[in-house]
């Protein structure tokens, strides 16, 4: 299969970790068909030139892709659909791009250029895993592509994915009201994990030789491989943004939403139980300290706002009782936001209940945006398929 690697980033200014994935593929005798880099702000073209000596490279800047737009016109995709898929007003207005749109740029490029499998890796993950040996945490290189392709070669499997080893995006914390916070954020499983964070410090390890591969609908966007022809049945990635107190916040979960729709088709997503190393805070193995590290506290704050922005649409997709779940979440967030603000001595967290209200208020607009994106995507897929057959 023609396998491409996809990287999404604000600024492409380092070969790390992409170079490690390319070296890892070569070491285990896998051929990479292309690398697709989607960026929104800046790119070091010296790095692009270097990569082109090794592999076919596509570098795409959000809102600046005339060659792809021309290809879409050639297969007769309507101007309206091209605008929906490729125009990102929030970049020009607020300097940010929804995560889903980044990923769809890469998917469309992969489809147009003949790729068969697209593997997304984030800019802070690596083709190795953390395991415990002799009571020490050590890194082990693994056959990253091989583990994905082992299952993608099965006809019924269209997606392979896995979680990460390394420190969890939610750092260790312990305070009264923590349960209400995470239930309000719709991250109940995180609360169960955090209960013992004083012991494990929120460090996850790989199972290594005791892998437990299983079917799942939980997709991790930074470690996922997708058969591209599956998009004939799957929706595009989708996420949005919302405003609170004059600041525009990116909602999270473009990968979660794809997993929800996966349940509706008779194909499989396999968790390959290969928890690649996620250097979450950029300073591993230092234990995250949210109370004394401003960067960690900021990241957690924006992650929470991202989940709050995601949840109404996620609940709509899951056909939940929106009125009931909103009431439940807000009651918990009122308690939890006060608790975390006191724990961290940071009043910003008090905004969570208001953010929830704004997110639910915007739901109708988000649904309209999703349906427009889906319609444009379906037109593109229909025209792309017709072009291949013609």
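Tabulated values for the structure
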{"quantity": "Full-stretch length increase - residue 123, residue 324 - with 0.36 nm per residue and alpha-carbon distance subtracted", "calculated": "68.6 nm"}
{"quantity": "Protection proxy ranking of 103-110, 178-185 - average other beta-carbon atoms within 10 Å, highest first", "calculated": "103-110, 178-185"}
{"quantity": "Segment 264-338: proportion of alpha-carbon pairs further apart than 21 angstrom, %", "calculated": "55"}
{"quantity": "The chain, relative contact order [Cα under 8 Å, separation at least 6], %", "calculated": "20"}
{"quantity": "Pair residue 345, residue 218: separation of 7 Å Cα→Cβ label points (nm)", "calculated": "3.5"}
{"quantity": "Centre separation in Å (Cα based) which lies between segment 277-355 and segment 237-256", "calculated": "13"}
{"quantity": "Gain upon complete extension [residue 261, residue 245; 0.36 nm per residue less C-alpha separation]", "calculated": "2.5 nm"}
{"quantity": "Contact order relative to length of segment 1-61, as percent, for alpha carbon pairs under 8 angstrom and 6 or more apart", "calculated": "42"}
{"quantity": "Cα-based convex hull volume of segment 217-298 per residue, rounded to whole Å³", "calculated": "138"}
{"quantity": "Beta bridges by DSSP in the chain, antiparallel share as percent, to the nearest 5", "calculated": "50"}
{"quantity": "Point-to-point label distance, residue 15-residue 76, nm (Cα→Cβ direction, 7 Å offset)", "calculated": "4.5"}
{"quantity": "Net lengthening on full extension, residue 139/residue 64 (0.36 nm per residue, minus Cα-Cα)", "calculated": "23.1 nm"}
{"quantity": "Rg [Å, one decimal], Dmax [Å, integer] - segment 53-132, C-alpha atoms", "calculated": "15.4, 54"}
{"quantity": "Förster radius 35 Å - calculated FRET efficiency between residue 230 and residue 195 (Cβ-Cβ, nearest 0.05)", "calculated": "0.40"}
{"quantity": "MRE, 222 nm, helices only [DSSP H, n ≥ 4, -39500 (n - 2.57), over the chain, to nearest 500]", "calculated": "-14000 deg cm²/dmol"}
{"quantity": "Distance between segment 98-119 and segment 139-179 - C-alpha centres, whole angstrom", "calculated": "21"}
{"quantity": "For segment 3-389, alpha-carbon Rg over 2.2 N^0.38 Å", "calculated": "0.98"}
{"quantity": "Value of Rg/Rh across segment 247-383 [Cα atoms, Kirkwood radius]", "calculated": "1.03"}
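Just so you know, all these numbers are worked out from the coordinates, no wet-lab data involved. Predicted, not measured: the structure shown is a model, and the values here were computed from it. All Cβ positions, glycine included, derive from the backbone under ideal geometry; neighbour counts span all protein chains shown.
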